[in-house]
1. Going by amide H atoms built from the backbone, whose H comes under 5 Å of the H on Arg226, apart from near neighbours?
2. Spelling out what I want: for every residue of region 163-171, take phi, set θ = phi - 60°, compute 6.51 cos²θ - 1.76 cosθ + 1.60 (Karplus), and round to whole Hz; glycine and proline get x.
3. Would you please classify the overall shape of region 160-218 from the alpha carbon gyration tensor, given that a ≥ b ≥ c denote the square roots of the eigenvalues, rounded means a/c under 1.5, and beyond that prolate means a/b larger than b/c while oblate covers the rest?
4. For region 214-228, take each phi angle, set θ = phi - 60°, evaluate the Karplus expression 6.51 cos²θ - 1.76 cosθ + 1.60, and give the result in whole Hz per residue in order, putting x for glycine and proline.
5. Between Thr201 and Thr255, what is 0.36 nm times their sequence separation minus the Cα-Cα distance? Round to one decimal in nm.
6. So if R0 is 25 Å, what FRET efficiency would Glu23 and Ala52 give, r being the distance between their Cβ atoms, rounded to the nearest 0.05?
7. Could you work out the relative contact order of the chain, using alpha carbon pairs under 8 angstrom and six or more residues apart, expressed as a whole percent?
8. Please work out how many pairs of lysine residues in region 9-296 are eight or more positions apart (or on different chains) and have Cα atoms closer than 29 angstrom.
Amino acid sequence: MMELHNLPVVANLSDNVTIVEKEKIKIVRVVHKKATAGISLFGGHVLSYQPAGQPDLLWMSDASLFDGEKSIRGGIPVCWPWFGGIGSPNHGFARIQEWQLVEHRESEAGVVVSLGLKSSEATRHIWPYEFHLLLHIAIGDELRLSLEITNTDEKVWNFSGALHSYLNIGDIEKISTTGMGKEYIDKLQNNQVCQGGETLTLTQGIDRIYTSPDERIIMQDPTLNRALTVDNTGHNSAVLWNPWDELSKAMSDMTDDAYQTMFCIESAIFSPCLSAGITLQPGDSHTLTTTIAAQNI
Ligand code: TA6
């Protein structure tokens with residue numbers, strides 16, 4: 001998992017909030033009695049969230065790059081303004097842009113860090129629209145991410161996207177998941193629409209877009225003696241992904257057996273093409289959220 005404590009300090013912002021550095025990346029490190037967390041300014045990317053007394057809820061690849069160019073493998077990448085390969089780069093550009101720290105607020109309940117990303121020459125080069133993103137990250141007894149998407153253009157535009165959470169698990173073959181709904185689009189079967197059961201257990205790779213998830217998805221993890229709950233809003237689907245061994249081996253930023261301890265449950269706005277995504281009129285906003293928490297079992 002992500003080790004935050006030994007990283008060199010760049011600035012102390014308060015008793016709870018410090019800026020540290022890992023290779024080419026600046027990280028907002030939060031240390032609070034409720035939880036510790038790390039948030040990369042590159043990508044607006046939550047790297048780690050560890051409530052008191054729990055192993056990290058987020059998984060981070062030991063082979064991830066932190067070069068400020070390639071997206072980070074693990075944590076919660078922000079996929080925007082599209083999810084998947086309906087544009088280039090895959091999963092949009094937000095995860096490979098430098099975000100700004102807008103504010104940090106502290107209380108007994110925890111710390112809220114807000115990051116911002118605005119359209120720039122670099123983003124207009126990829127996608128020719130004006131926008132403003134605000135990502136509010138609330139770190140306390142639970143982790144809540146809320147991505148506020150605003151159209152600051154004079155033109156209407158469409159988008160999709162995802163909060164692509166990589167959950168830290170004990171053993172991929174021992175977890176069981178409920179609440180994802182039954183209908184899914186199976187990327188591993190030519191995007192065929194399929195019907196699954198109430199409970200999902202895994203013995204092979206998965207790459208599915210569940211199109212009618214409950215608001216709460218629950219993943220039981222008997223190895224880490226806990227259940228993780230994932231509550232999503234502002235989404236239209238939940239993406240569940242694990243690459244299994246062959247794809248893990250093929251990915252340069254994952255170690256060969258890394259798939260055994262990670263499982264993605266994503267809060268997603270899925271769209272088969274960009275023009276069929278959510279439409280935002282000038283001045284309008286849309287908010288996509290995910291809230292992740294652990295209960296001992
Ligand atoms: O969310 C699942 C997925 O779209 C998979 O198809 C898989 O490719 C994964 O995301 C990772 O994508 P990335 O661009 O980060 O390698």
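Every number in this text was worked out from the coordinates using simple rules, so none of it is lab data. Just so you know, these numbers come straight off a predicted model, no measurement behind them. Cβ atoms come from the backbone with ideal geometry, glycine included; neighbour counts cover every protein chain shown.
1. Asp221, Ile297
2. 9, 8, 5, 9, 8, 8, 10, x, 7
3. Here region 160-218 falls in the rounded category.
4. Each residue's phi maps through the Karplus curve to give 5, 5, 10, 9, 10, 10, 8, 10, x, 5, 9, 6, 8, 10, 9 Hz.
5. Gain on extension, Thr201 to Thr255, equals 17.2 nm.
6. After rounding, the FRET efficiency stands at 0.35.
7. 17
8. So the count works out to 23.
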